[in-house]
Amino acid sequence: MPRSAARARLAAALLCATLGPVSCGTDETATDQPTGGGDVGERAAAAGSPTTREAVADLARRLDVPEEEVVVDRVEEVTWHDGSLGCAEKGTMYTQALVDGSRITLRAGERTYEYHAGGGRAPFLCERPTQ
């Protein structure tokens, strides 16, 4: 097993021990929360990451709903093209450097929401993604 896969499995096991069954896909809510790519351990770790939990908490606050009503549809690691983190606003200047980060797609009710993070910036709701 590659070293990165072993680390991901260890991280998932620690996450499961810390956060309980919802984070490990052992109840109905968690099983319909796919995350992008990787094996089951990597997906569980991504869905339970601090960045993802911050995004879920933020959306629940914005919508005034319990966090349990926010579903993690997908979490993917991305390399943003610049400092806009894939959410450029017209007339704004951004650093022109590649930035490692993540795209988190959440669902509440029938609507999906996209959160972007990277370069040390906390996840934020991106209403008009450009990447």
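Residue selection: E68 satisfies the criterion of being at pLDDT 50 or above and over 19 Å from A117 (Cα atoms). Being within 12 Å of the chain's Cα centre (by Cα), of a type outside the set (D, E, K, R) and modelled with pLDDT under 95 holds for only one residue in G48, G101, and it is G48. Considering only residues in segment 61-100 that are small (G, A, S) and touching a residue at least 40 places away in the same chain (Cβ under 8 Å), the one that is nearest to R121 (Cα to Cα) turns out to be S84.
The values are calculated or read from the model by the stated rules, or taken from the named source; none is laboratory data. Small disclaimer: the values here were computed from a predicted structure and weren't measured. FYI the Cβ positions are ideal-geometry reconstructions off the backbone, even for glycines, and counts take in every protein chain you see.
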